[in-house]
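Data block below; observations after.
The values are calculated or read from the model by the stated rules, or taken from the named source; none is laboratory data. It should be emphasised that the depicted structure is a prediction, and the values quoted were computed from it without experimental measurement. So basically every Cβ, Gly included, is an ideal-geometry build from the backbone, and we count neighbours across all protein chains shown.
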Amino acid sequence: MTLIPDIQHIVIIGASLGGIRVAEHVRRMGYEGKITLIGDEVHLPYDRPSLSKKILLGEATSEEIGLRRQPYEELNLELKLGQRAVAFDGKTRTVELANGEKIQGDRVFICTGSCPRALPGIPPLKGIHTLRYLEDAEAIRSLFEENHHIVVAGGGFIGAEVSAVAKQLGKQVTLVEPAHTLMLRGLGEEWGQFMERYHREHGVDVRTNTTIKSVRGKTTLEAVELSDGEVIETSLMVVGVGADPNTGWLKDSGVEIDNGVVTDSYGETNVPGVYAIGDVARFKDESIEAHVRVEHWTNAEEMARAVARNAIHEGREVYKTVPMVWSDQFDLKIQTAGHLDDFDQEAVTMHDVKTGDCLVIRGKEGKLCGAIGFNRASVLVRMKKLIAKDTSFEQAVEFAESMYERMQARGA
């Protein structure tokens, strides 16, 4: 690989997983010029999935969830933490910070992630929290200690994870979901209902087809009123109703925005030299001939490597990914790979009658398109690879069944 000449300054906006991985990869690829990493938080980059798991459970400290174990000095970065980007000039590739400072780069990477949605019509009382930042997790954790009854708004992965943690800590939990079952978007009808039953069996009070009607309290939350009229006294409600790409600061920048920062299949925006990575990026997926935005850890990790290479080396490669998600709820590890919402075949394999652990394989037009694993971590990694290879649905099923036979023979 040959480095593109005359790249003297790389600017990375967003001290996130994608942002720090870009810095690491361009150094490994031989880039020796200046790198500026800008982040709106005062913390060094950390692992956000740990917020709804280890941090809430009290099983890890903020230092233990850092994304880099080696000294930052090895990367020779200019760190600008606690500095929020407020504007961007695409013509000159110049970012403006909240303190008025302006920074121009030869290559600019937008890695600003997403922002959690608030509940519409609900005032921002103290005690109502979303879960995006380390401070959010620490505040929720402290309020766990003060409250016996917790309300969680939103039955997606984040809401379900928070509910599971609160229940494990001995709290009474009411999980409120407007749809008719939990995790409908992530798992679909049947397996969303499976998870709904699972939460009920573990003591979570699941309320589907229900919304938050109003809240009570002048400055601090005192009670939550549900759409069915029930009033729950609490000073803590955690809201997990989705997120939007963090692109407001790019208004009038010249960078194309449409449900995220729009890029080609190489990760580059309509502005030459400007790239987007992770949750904020809506990239061209050549496999389905459409632009997609993938809000998952593995996408940011993989995209950082591919796009960093495309930005600083001569010759480019199309970015390809198989989306992968995981979630820990009680003693269940849920993992998904591929595209799950458009399928015409489904098979349930590796099923353990005693525990309910299983692998769900989905196919589209004879090809493997997605998989869901319940405590089937090792095989989900294999499924991801098989999806990338355009493996047939039948071959995937046969592979899973033979793998399960070997596991049983070993007593696994």
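Couple of notes before you dig in:
- For Gln335, the requirement of being surrounded by fewer than 19 Cβ atoms within 10 Å (Cβ to Cβ), in contact with a Phe, Trp or Tyr (Cβ under 7 Å, 6 or more places away or on another chain) and in contact (Cβ under 8 Å) with a residue 40 or more places away in the chain is not met.
- Only residues that are under 15 Å from Met195 (Cβ atoms) and acidic (Asp, Glu) were counted in region 311-359, giving 3.
- Residue that is surrounded by the fewest Cβ atoms within 10 Å (Cβ to Cβ) [pool: residues in region 240-299 that are acidic (Asp, Glu) and free of Cβ contacts under 8 Å to residues at least 40 places away in the same chain]: Glu289
- Residues that are at negative phi and within 13 Å of the chain's Cα centre (by Cα) within region 112-124 comprise Thr112, Ser114, Cys115, Pro116, listed in sequence order.
- Residues that are crowded, with 17+ Cβ neighbours inside 10 Å and modelled with pLDDT under 95, drawn from region 314-326: Thr321, Val322, Pro323, Met324, Val325, Trp326
- The listed residues are Ala371, Ala396, and the only one of them that is farther than 14 Å from Pro323 by Cα, surrounded by 22 or more Cβ atoms within 10 Å (Cβ to Cβ) and touching a helix residue (DSSP H, G or I) at 6+ places or on another chain (Cβ under 8 Å) turns out to be Ala396.
- Residues in region 49-64 that are among the hydrophobic types (A, V, I, L, M, F, W, C) and free of Cβ contacts under 8 Å to residues at least 60 places away in the same chain: Ala60 only.
- Listed here are the helices (runs of 4 or more DSSP H) enclosed by region 94-207 that have at least 3 residues being within 21 Å of Glu230 (Cβ to Cβ): 157-168, 189-201.
- Taken together, the criteria exclude Ile232 from residues that are buried (at least 21 other Cβ atoms within 10 Å of the Cβ), modelled with pLDDT of 95 or more and in contact with a Leu (Cβ under 9 Å, 6 or more places away or on another chain).
- All conditions but one from (1) in contact (Cβ under 8 Å) with a residue 60 or more places away in the chain; (2) on the phi < 0 side of the Ramachandran plot apply to Arg93; the one that does not is (2).
- Matching entry among His180, His202 (being touching a residue at least 40 places away in the same chain (Cβ under 8 Å) and either surrounded by fewer than 21 Cβ atoms within 10 Å (Cβ to Cβ) or touching a Phe, Trp or Tyr at 6+ places or on another chain (Cβ under 9 Å) (or both)): His202
- Among all residues of region 292-304, there is none that is over 23 Å from Ala15 (Cα atoms) and out of contact with any helix residue (DSSP H, G or I) (no Cβ under 6 Å at 6 or more places or on another chain).
- Residue in region 401-412 that is outside the structural domain of Val162 (by TED's automatic domain parsing), under 28 Å from Glu286 (Cα atoms) and surrounded by 12 or more Cβ atoms within 10 Å (Cβ to Cβ) present: no
- Those residues of region 266-282 which are part of a strand (DSSP E or B) and among the aromatic types (Phe, Trp, Tyr), in sequence order: Tyr275
- Candidates Gly113, Gly105, Gly100 - the one that is in contact with a His (Cβ under 6 Å, 6 or more places away or on another chain), modelled with pLDDT of 95 or more and under 30 Å from Thr36 (Cα atoms): Gly105
- Candidate set from region 66-87 (those that are closer than 20 Å to His25 by Cα and either basic (Lys, Arg) or touching a Ser or Thr at 6+ places or on another chain (Cβ under 9 Å) (or both)); member that is surrounded by the fewest Cβ atoms within 10 Å (Cβ to Cβ): Arg69
- Within region 357-405, the set of residues being assigned to a strand (DSSP E or B), charged (D, E, K, R) and farther than 24 Å from Phe157 by Cβ comprises Lys367 only.
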